[in-house]
Amino acid sequence: MSQVDPDRGKAIAGLVLGIVGLVIWLIPFIGAPTSIIVSILGIIFSSQSRRSVTAGGMASEGLVLSIIAIILVPVLLICSLGAVLLI
């Protein structure tokens with residue numbers, strides 16, 4: 001009988017939230033704040049499940065994607081604001 005890893009669900013949730021955080025900022029007006037909130041949740045779930053032996057890779061990937069989303073969203077907002085102001 002195989003053992004079920006309780007942290008696997010959190011690792012999957014962290015990975016999915018990291019991916020969603022990278023993609024959802026494309027939605028006008030609500031995308032940026034939603035992306036930051038989703039990415040913070042992705043960091044929380046991924047960091048809680050990184051100690052897992054079977055789901056450590058997914059948790060690390062979710063953590064990296066969430067951090068990239070948190071860094072990328074403000075940079076893209078500043079770039080788009082700068083482009084609007086130059087017009």
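Bear in mind that the values in this text are calculations on the coordinates, not laboratory data. On a predicted model such as this, the values are computed, not experimentally measured, just so you know.
Numbers for the structure displayed
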read-out	value
Computed [θ] at 222 nm, deg cm²/dmol, the chain (DSSP H ≥ 4; -39,500 (n - 2.57); rounded to nearest 500)	-26500 deg cm²/dmol
Cα extents of the chain along the three principal axes, largest first (Å)	65, 17, 14
Angle between the chain longest axis and helix 31-49 axis [Cα atoms, degrees, rounded to 10]	20 degrees
0 to 90° range, to nearest 10: angle between helix 8-23 axis and the chain longest Cα axis	10 degrees
Rg [Å, one decimal], Dmax [Å, integer] - segment 6-49, C-alpha atoms	10.7, 37
